[in-house]
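Enquirer: Right, I'll just put the structure down here and ask away after.
The values are calculated or read from the model by the stated rules, or taken from the named source; none is laboratory data. In this text, all values refer to a predicted model and were calculated from it rather than measured experimentally. A quick note on method: Cβ atoms are made from the backbone with ideal geometry, for glycine too, and the neighbour counts reach across all protein chains shown.
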Amino acid sequence: MPAVRRPGVTTALHILEGNRQSHAKRGVITIRDRQAPEAFAGDSYGKTEEDHRSLIGPIEPVPAGDADPGPKRDDKTART
């Protein structure tokens, strides 16, 4: 998500989790009910997806459990 501040993402995820529409853990976000956040977003939803389809192609869903959680840090590289 370019140009999005991390605290804003965390706040949005907390709202979605509170409404039981998503589940998040470090590196993985699972949307449980795609239609609910789309309905909540109203007119602000869809433009990015439309641009993605026209430039790159359709957005393919990732089956649960197949998401790449990204790089992992070990205890030696943890922030202090």
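Enquirer: Being surrounded by 13 or more Cβ atoms within 10 Å (Cβ to Cβ), more than 11 Å from the chain's Cα centre (by Cα) and in contact (Cβ under 8 Å) with a residue 12 or more places away in the chain is the filter here; which residues of region 4-36 pass it?
Expert: Asn19, Gln21, Arg32, Asp33, Ala36, listed by residue number.
Enquirer: Determine whether region 35-48 contains at least one residue that is of a type in the set (Gly, Ala, Ser) and either touching a helix residue (DSSP H, G or I) at 6+ places or on another chain (Cβ under 6 Å) or part of a loop (DSSP other than H, G, I, E, B) (or both).
Expert: yes
Enquirer: Considering every residue within region 60-80, establish whether at least one is of a type outside the set (Phe, Trp, Tyr), out of contact with any Pro (no Cβ under 8 Å at 6 or more places or on another chain), exposed (fewer than 11 other Cβ atoms within 10 Å of the Cβ) and at pLDDT 80 or above.
Expert: No, there is no match, as no residue in region 60-80 is of a type outside the set (Phe, Trp, Tyr), out of contact with any Pro (no Cβ under 8 Å at 6 or more places or on another chain), exposed (fewer than 11 other Cβ atoms within 10 Å of the Cβ) and at pLDDT 80 or above.
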